[in-house]
Amino acid sequence: MKKKSWKIFQIIQLIVFLGLSIFILIRTVDGTGAVETPQAKLIGLVAWTAFYLAVLVIEWGIYFLVKRRG
């Protein structure tokens, strides 16, 4: 049961990541009211992807540690 819930959580997390990535790419004005240029969109997307990958690395590291002990 735990493995199934882990996979479901990972799928939901991926859907959220993809949804916010699409939002970053299609928005024309950011939260401060500045017009988004292609460079600004790319910087935002890179920052969002780096954050997502850092969270994944931590999650998978914990997963493998728990799996190794159990």
Under a 1.4 Å probe, what is the accessible area of the chain per residue, stated in Å²?
82
Need one value: the accessible area of Ile8 in square angstrom, 1.4 angstrom probe, rounded to the nearest 10.
90
Compute the angle between helix 2-26 and the longest alpha-carbon principal axis of the chain, please, reported from 0 to 90 degrees and rounded to the nearest 10.
10
Ignoring any ligand, DNA or RNA, what whole percent of the accessible area of the chain comes from carbon and sulfur when the probe is 1.4 angstrom?
77
Could you pull out every one of the aspartates and glutamates with an alpha carbon less than 18 Å from that of Lys7, ignoring same-chain neighbours closer than 8 positions?
Glu59
Order the following by accessible area, largest value first: Thr32, Thr37. Probe radius 1.4 Å; ligands, DNA and RNA are ignored.
Thr32, Thr37
Does anyone have the angle between helix 38-69 and the longest principal axis of the chain? Alpha-carbon axes, 0 to 90°, nearest 10?
10
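The values are calculated or read from the model by the stated rules, or taken from the named source; none is laboratory data. Please read these numbers as outputs of a predicted model, since none were measured by experiment. Each accessible area value is taken on the protein alone, full model and side chains, heavy atoms only, with ligands, DNA and RNA left out. Shrake-Rupley method; radii C 1.70, N 1.55, O 1.52, S 1.80 Å.
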